[in-house]
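Let me begin by presenting the structure, written as structure tokens, before commenting on it.
What follows is calculated from the coordinates using simple rules that are stated; it is not laboratory data. The structure presented is a predicted model; accordingly, all values stated were derived computationally and were not measured. Using ideal geometry, Cβ is built from the backbone for each residue, glycine included, and neighbour counts are taken over all protein chains shown.
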Amino acid sequence: MVCCGESVPAESWKKRLTELEAEFGQALEESERVDAAEEERFGLQSPPALPPELADAKARQQRLLQAQQQLAEADAARRREGIWPMV
């Protein structure tokens, strides 16, 4: 095998592969523990579906941009009228 222009002994690759397999196994075990804990806590229920008008990401983004614009306009009007937000 060749890495970075140098020959790397096959034993080095085998050792690294064994290390990566162990790391993968540990990560898999951890994810299974987390999944089991979440299943115990929340059950197997699916998350609630979004309403149709929010199901599309672009539609959600557009609605958020509109809401942000409305808030900015309301804030500008409040400032023009000298109304300060309650703290």
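Numerical summary
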item: In sequence order, calculated HN-Hα J values of segment 27-40 (Karplus, 6.51, -1.76, 1.60; Hz; x Gly/Pro); result: 5, 5, 4, 5, 5, 5, 5, 5, 4, 5, 5, 5, 5, 5
item: Within the chain: Cβ-based charge dipole about Cα centre, in debye rounded to nearest 20 (Lys, Arg +1; Asp, Glu -1); result: 700 debye
item: Label-point separation, Lys15 to Asp56 (7 Å along Cα→Cβ), nm; result: 5.7 nm
item: Calculated [θ] (222 nm, deg cm²/dmol) that DSSP helices of n ≥ 4 give over the chain, each run adding -39,500 (n - 2.57); result: -24000 deg cm²/dmol
item: Cα-based Rg of the chain normalised by 2.2 N^0.38 Å, two decimals; result: 2.27
